[in-house]
Amino acid sequence: MKPLIKKLVESYGPSGHEDQIRDLIRGEIKGLADYVTVDPLGNLIAVIKKKSKSGRKVMLAAHMDEIGVMVTHVDSKGFARFVPIGGVYATTCLGGRVRFADGTLGVIGIEDRKINSPSLDQMFIDVGATGVGDCPVRVGDAAGFYRPFEEVGSRLVAKSMDDRIGCAVLVEVMRALKRTPHEVQFAFTVQEEVGTRGAGPSAFGLEPDLALAVDVTLTGDTPKANKMAVSLGAGAAIKVRDSGMLADPRIVALLEQRAAEARLPAQREVLEGGSTDARSIQIARAGVPAGCVSIPCRHIHTPSEMVDLRDVEGAVSLILQTLEKPIEL
Amino acid sequence: MARKPAKPAKPAKLKKPAKQSAKPRKAAPAPATPQEEASLELLRKLSETVAVSGDEGPVRRLILETIKDLADEVKVDTLGNVFAIKPGPARAPRVMVAAHMDEVGFMIVGVDGDGLLKFEAVGGLDDRILLGKPVWIGESKVPGVIGMKPIHLVKNAERESVVKIDSLRIDVGATSRDSAGRLVRPGDRATFATPFTYLGPTARGKALDNRAGCATLVEILRGARSAYPVELICAFTVQEEVGLRGARVAGFAAKPDAAIVLDTTQANDLPAPDEEDENFKYNTRLGQGPAIYTQDGSTLHDRRLIKHLTAIAESKGIPYQFRQPGGGGTDAGAIQRTRAGVPTVSVSTPARYIHSPGALMSIDDYRNAARLVRAALENWDGKVLRR
């Protein structure tokens, strides 16, 4: 699974600019679904049709987009001012590198290095230009953070584990899924990081009977972390609630039961800040029972997001277990 | 606010700067064709109409009267959105063009015993700009003024603080609750009382946000039915200023394949306070052309539609600028998320001092917004939405 993860996390795709990552995933899932489409907002949809009358329509969503920055102004000396796309922290930007759609690389600098709590307003992107004339970027161009994929023991580190790791889980599930009574709708969604904007419309189009988002979640296992009963390496997390949604208790129970049957380590997740695509899917049309299989992740929304490969593989197994058996809510 | 008069940023696109007379002029700056004169006359009427969010009746009536012969079908929906439809050729893509017709303003919430009116803001208004401003209340424009203590009585400490809207009252010259009640009732809407006028190459008026977009949309409807290879669904929406509420249902009803939202956005193009600095947060610049959006607080605008607009502008020689990515938003935020999703882009006419008594807008930018969107619609084909 690691070569797939490396490809996905090193790809470019800030929210609203998902063309490259969508093409990459489309190539990876070729031949694995009965049909593949791209919906009006750019969500990539792959559907495996129902094999049994008793089967349900199960939607699995992972977002393709990543946080990034967008150029607001190129000054007379060729430096680009920018705003965030999604939740970008100023503390993780300084000295960081960003990459634009065409490969142009930029370094994030600051007006005064001695500022204690810097804001993005005081920062700029240095693309090596000397003026407006030779600056390769212009207002409205978007960049993602740039950092290679690395392995640290059983942990994997990269930018945009949030949520390319979810995309990797979905691709892996498609590859490993042998038989299922259900219609399985894989949605690789857009614009999650700016407010779960892609997932709601995709669910409107798919009309699922139930849905699972697959996304990263915070952990409580680092120094002075907020109290949270999720640790890296302790298995996939089954979401009970986050600040945007309450998981359907029947889905929580179903996932816990399937994990127990297969002797898969799993942990319950109660997330105090943040949400996922499940939030928007749950309230699409007349409502969709929704839950989440989460991948514990440290250092979220920094260019070095860390997951444990065992949790990732556990998430794949848990979803396969759930899809291969009948679902009664 | 600025210490020296604003430098109009490169008015390159303006033909000779119009000579400014001491008196505000009623007539539009020359040169204007009869149709341009008519368009600006409509803008004047739209700007001077009192129609705050939730009470769009007066502006809706004006628009309905203006467009009655310009579309094959005109209808008003449950919330008060106006739809005007021009069917295109068979199987033509459905393109929605939307502009909100409501404006920010005030709502009268009570009449005091002395005949003074308590009021609240509707939409985003800054308490600091309210003191002493003349207002119009209701469709009949009952004149009033937001009362204030004359400077003779203001203590030094009071000058340092902002008077909150809760402690302000509108004075309509009534002397008792009864006499005020004959003029105004709780729930009536009010706006700043600003006649529309021309200042050099710019227009000044209240509610240019977004009556400029409404007037542009009327211009688009004036295009011949055969001019557009699309099914054109024009929507004049309600309640944008209180949270994009009208557009949400308008987008659902229209079921468009793509949408263009026409709005008005701030031009904060005054020099930076420190003259050594470059102003890098201007949002847009007056006179630089209509502003195409890339990212705002509620929308990542569709890349394909941005490309279509910029390509058309460049091929037709229509000036344009990008609105700086950042906060704020337009009806696009609601429309793009209706049903299974709608590719959406916004185009705004830049204006200084919006949400205040007197916004300033370049006449050229206004004309070019209509030119740009008309050209984009006239040249619509299957390639626009191709991925």
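The values are calculated or read from the model by the stated rules, or taken from the named source; none is laboratory data. Quantities reported herein were computed from a predicted structural model and do not represent experimental measurements. Every residue, glycine as well, gets a Cβ built from its backbone with ideal geometry; the counts of neighbours run over all protein chains shown. Surface accessibility is based on the protein's heavy atoms, side chains included, excluding ligands, DNA and RNA. Shrake-Rupley method; radii C 1.70, N 1.55, O 1.52, S 1.80 Å.
Inspect segment B:296-308 for any residue being more than 17 Å from B:Val97 (Cβ to Cβ) and in contact with a Leu (Cβ under 8 Å, 6 or more places away or on another chain) and give the result as yes or no.
Start the filter on segment B:296-308 by keeping residues that are more than 17 Å from B:Val97 (Cβ to Cβ), which leaves B:296-298, B:300, B:303, B:307.
Next, only the ones that are in contact with a Leu (Cβ under 8 Å, 6 or more places away or on another chain) stay: B:298.
Yes, segment B:296-308 contains a residue that is more than 17 Å from B:Val97 (Cβ to Cβ) and in contact with a Leu (Cβ under 8 Å, 6 or more places away or on another chain).
Among (1) farther than 12 Å from B:Ala267 by Cα; (2) crowded, with 20+ Cβ neighbours inside 10 Å; (3) more than 14 Å from chain A (Cβ to nearest Cβ), there is one condition B:Thr349 misses while meeting the rest; what is its number?
Checking B:Thr349 against (1) farther than 12 Å from B:Ala267 by Cα; (2) crowded, with 20+ Cβ neighbours inside 10 Å; (3) more than 14 Å from chain A (Cβ to nearest Cβ), the one that fails is (1).
Just to be sure before I move on: is A:Ala260 small (Gly, Ala, Ser), over 24 Å from A:Ser202 (Cα atoms), open to solvent by 20 Å² or more (accessible area, probe 1.4 Å) and part of a helix (DSSP H, G or I) in the structure I sent? Working first, answer last.
Details: small (Gly, Ala, Ser): yes; over 24 Å from A:Ser202 (Cα atoms): yes; open to solvent by 20 Å² or more (accessible area, probe 1.4 Å): yes; part of a helix (DSSP H, G or I): yes.
So A:Ala260 fits the description; yes.
If you check A:Val190 against the conditions, is it within 19 Å of the chain's Cα centre (by Cα) and open to solvent by less than 10 Å² (accessible area, probe 1.4 Å)? Full working, then the answer.
Details: within 19 Å of the chain's Cα centre (by Cα): yes; open to solvent by less than 10 Å² (accessible area, probe 1.4 Å): yes.
Answer is yes for this residue.
Test A:Ala262 against the stated conditions and say whether it is in contact with a helix residue (DSSP H, G or I) (Cβ under 9 Å, 6 or more places away or on another chain) and among the small types (Gly, Ala, Ser). Walk me through it before giving the result.
Numbers: in contact with a helix residue (DSSP H, G or I) (Cβ under 9 Å, 6 or more places away or on another chain): yes; among the small types (Gly, Ala, Ser): yes.
Judged against the criteria, A:Ala262 is a match.
Kindly check whether there is at least one residue in segment B:372-381 that is assigned to a helix (DSSP H, G or I), within 22 Å of B:Phe236 (Cα to Cα) and open to solvent by 20 Å² or more (accessible area, probe 1.4 Å).
Filtering segment B:372-381 down to residues assigned to a helix (DSSP H, G or I) leaves B:372-378.
Retained after the next criterion (residues that are within 22 Å of B:Phe236 (Cα to Cα)): B:372-378.
Restricting the remaining residues to those that are open to solvent by 20 Å² or more (accessible area, probe 1.4 Å) gives B:374, B:378.
For segment B:372-381, residues assigned to a helix (DSSP H, G or I), within 22 Å of B:Phe236 (Cα to Cα) and open to solvent by 20 Å² or more (accessible area, probe 1.4 Å): present.
Could you list, ordered by first residue, the pairs with Cβ atoms under 6 Å in which the first is in segment A:263-290 and closer than 26 Å to A:His301 by Cα and the second is part of a strand (DSSP E or B) and open to solvent by 40 Å² or more (accessible area, probe 1.4 Å), at least 6 apart or interchain?
Close Cβ pairs satisfying both conditions: A:Arg268/A:Val240; A:Val270/A:Val240; A:Val270/A:Arg241.
Return yes or no: is A:Ile45 within 14 Å of another protein chain (Cβ to nearest Cβ) and either of a type in the set (A, V, I, L, M) or under 30 Å from A:Ala213 (Cα atoms) (or both)? So that I can check it myself, show each step before the final result.
Numbers: within 14 Å of another protein chain (Cβ to nearest Cβ): yes; either of a type in the set (A, V, I, L, M) or under 30 Å from A:Ala213 (Cα atoms) (or both): yes.
Here the answer is yes, as A:Ile45 does meet what is asked.
Against the definition (under 24 Å from B:Ile363 (Cβ atoms), assigned by TED's automatic domain parsing to the domain that holds B:Thr284, among the polar types (S, T, N, Q) and within 16 Å of the chain's Cα centre (by Cα)), how does B:Thr216 come out, yes or no? Quick ask: steps written out before the conclusion?
Details: under 24 Å from B:Ile363 (Cβ atoms): yes; assigned by TED's automatic domain parsing to the domain that holds B:Thr284: yes; among the polar types (S, T, N, Q): yes; within 16 Å of the chain's Cα centre (by Cα): yes.
Taking the combined requirement at face value, the residue satisfies it.
Find the strands (runs of 3 or more DSSP E) located wholly in segment A:1-95 whose residues include 2 or more that are of a type outside the set (D, E, K, R) and open to solvent by less than 20 Å² (accessible area, probe 1.4 Å), and list them.
Working: elements: A:35-38, A:44-48, A:57-63, A:68-74, A:80-85.
Answer list for segment A:1-95: A:44-48, A:57-63, A:68-74, A:80-85.
Collect the residues in segment B:207-247 that are open to solvent by 10 Å² or more (accessible area, probe 1.4 Å) and β-branched (Val, Ile, Thr), keeping them in residue-number order. Show your work before the answer.
Initial filter on segment B:207-247 (open to solvent by 10 Å² or more (accessible area, probe 1.4 Å)): B:207, B:209, B:219, B:222, B:224-227, B:229, B:231, B:239-245.
Within segment B:207-247, just B:Val242 meets the criteria.
Wholly within segment A:156-246, which strands (runs of 3 or more DSSP E) include no fewer than the required count, namely at least 1 residues that are of a type in the set (S, T, N, Q) and closer than 23 Å to A:Leu32 by Cα?
The strands (runs of 3 or more DSSP E) meeting that bar are A:183-189.
Could you check, for segment B:250-265, whether at least one of its residues is farther than 26 Å from B:Arg303 by Cβ, open to solvent by 10 Å² or more (accessible area, probe 1.4 Å) and touching a Ser or Thr at 6+ places or on another chain (Cβ under 8 Å)?
No; the residues of segment B:250-265 include none that is farther than 26 Å from B:Arg303 by Cβ, open to solvent by 10 Å² or more (accessible area, probe 1.4 Å) and touching a Ser or Thr at 6+ places or on another chain (Cβ under 8 Å).
Residues in segment B:353-369: is at least one surrounded by 21 or more Cβ atoms within 10 Å (Cβ to Cβ), under 20 Å from B:Cys214 (Cβ atoms), more than 9 Å from every other protein chain (Cβ to nearest Cβ) and more than 20 Å from the chain's Cα centre (by Cα)?
no
Failed condition for A:Pro223, given (1) without any contact (Cβ under 8 Å) to a residue 60 or more places away in the chain; (2) within 14 Å of chain B (Cβ to nearest Cβ), with all others met?
(2)
State the number of residues belonging to segment A:276-305 that are open to solvent by 30 Å² or more (accessible area, probe 1.4 Å) and either part of a strand (DSSP E or B) or in contact with a His (Cβ under 8 Å, 6 or more places away or on another chain) (or both).
1
Hey, can you tell me all the residues within segment B:67-110 that are among the β-branched types (Val, Ile, Thr) and modelled with pLDDT under 95? Before you say what the answer is, go through the steps one by one.
So in segment B:67-110, the residues among the β-branched types (Val, Ile, Thr) come out as B:67, B:74, B:76, B:78, B:82, B:85, B:95, B:97, B:104, B:108-109.
Matches in segment B:67-110: none.
I need a count of the residues in segment B:61-92 that are open to solvent by 50 Å² or more (accessible area, probe 1.4 Å) and within 19 Å of B:Gly243 (Cα to Cα).
Adding up the residues that qualify gives 2.
Here is a list of conditions, (1) more than 24 Å from B:Arg185 (Cβ to Cβ); (2) of a type in the set (Val, Ile, Thr); (3) surrounded by fewer than 24 Cβ atoms within 10 Å (Cβ to Cβ), and B:Val122 meets all of them except one; can you say which number that is?
Every condition holds for B:Val122 apart from (1).
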